[in-house]
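See below for the structure under consideration.
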Amino acid sequence: MEAPGGVAVSIKRGRIAERLLGGGTEPDPRFTLANERTFLAWIRTSLAFLAGGVAVEAFTGDLFQEPVRKGLSVILLLLGMFISGGSAVRWINVERSLRHGLPLPLPLIAPILGIGGAVVAAVVVFLVLLS
């Protein structure tokens, strides 16, 4: 790495960072920051699912029977949990790929999000049509 004035600077990362990132060379900071923004977007999405699960349980007592309400809430809460955990794993995998010049990994949390959201939406549509 080069500091202002053309002086070479060696940066030593901590043991945890070295173990998680597996060495490699520092990527362009713009790529690392873009990876962090994507991570934060996944975290916002997981928080929305968590809030949706709480809202379904708290505010739909008169719309859905208890087993349906609890089922929808649990699905939304589990989706939020998986997306949150998956986003951390994805952030590390993308950062490793950037450092080693490898292709970016597939976003495995995207299908979970799509399928889970579709299941919840289908159940809600079905129940609305029945009432």
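The values are calculated or read from the model by the stated rules, or taken from the named source; none is laboratory data. Treat the numbers as computed from the prediction; the structure is a model and nothing was measured. Heads up, the Cβs are rebuilt from the backbone with ideal geometry, glycines too, and the neighbour counts pull from every protein chain shown.
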Residues that are surrounded by 12 or more Cβ atoms within 10 Å (Cβ to Cβ) and either without any contact (Cβ under 8 Å) to a residue 24 or more places away in the chain or more than 25 Å from the chain's Cα centre (by Cα) (or both), drawn from the stretch 60-72: Thr60, Leu63, Phe64, Val68, Arg69, Lys70
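Criterion first (under 30 Å from Glu26 (Cβ atoms) and at pLDDT below 90) does Pro103 satisfy it? Before you say what the answer is, go through the steps one by one.
Values: under 30 Å from Glu26 (Cβ atoms): yes; at pLDDT below 90: no.
Against the criterion (under 30 Å from Glu26 (Cβ atoms) and at pLDDT below 90), Pro103 does not qualify.
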Matching residues, the stretch 82-98, being surrounded by fewer than 20 Cβ atoms within 10 Å (Cβ to Cβ) and under 17 Å from Glu18 (Cβ atoms): Trp91, Ile92, Asn93, Arg96, Ser97
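Residues checked against (1) modelled with pLDDT of 95 or more; (2) surrounded by 11 or more Cβ atoms within 10 Å (Cβ to Cβ); (3) touching a strand residue (DSSP E or B) at 6+ places or on another chain (Cβ under 9 Å):
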{"residue": "Glu18", "(1), (2), (3)": "no, yes, no"}
{"residue": "Gly22", "(1), (2), (3)": "no, yes, no"}
{"residue": "Thr25", "(1), (2), (3)": "no, no, no"}
{"residue": "Thr32", "(1), (2), (3)": "no, yes, no"}
{"residue": "Arg37", "(1), (2), (3)": "yes, no, no"}
{"residue": "Trp42", "(1), (2), (3)": "no, yes, no"}
{"residue": "Val54", "(1), (2), (3)": "yes, yes, no"}
{"residue": "Ala58", "(1), (2), (3)": "no, no, no"}
{"residue": "Val74", "(1), (2), (3)": "no, yes, no"}
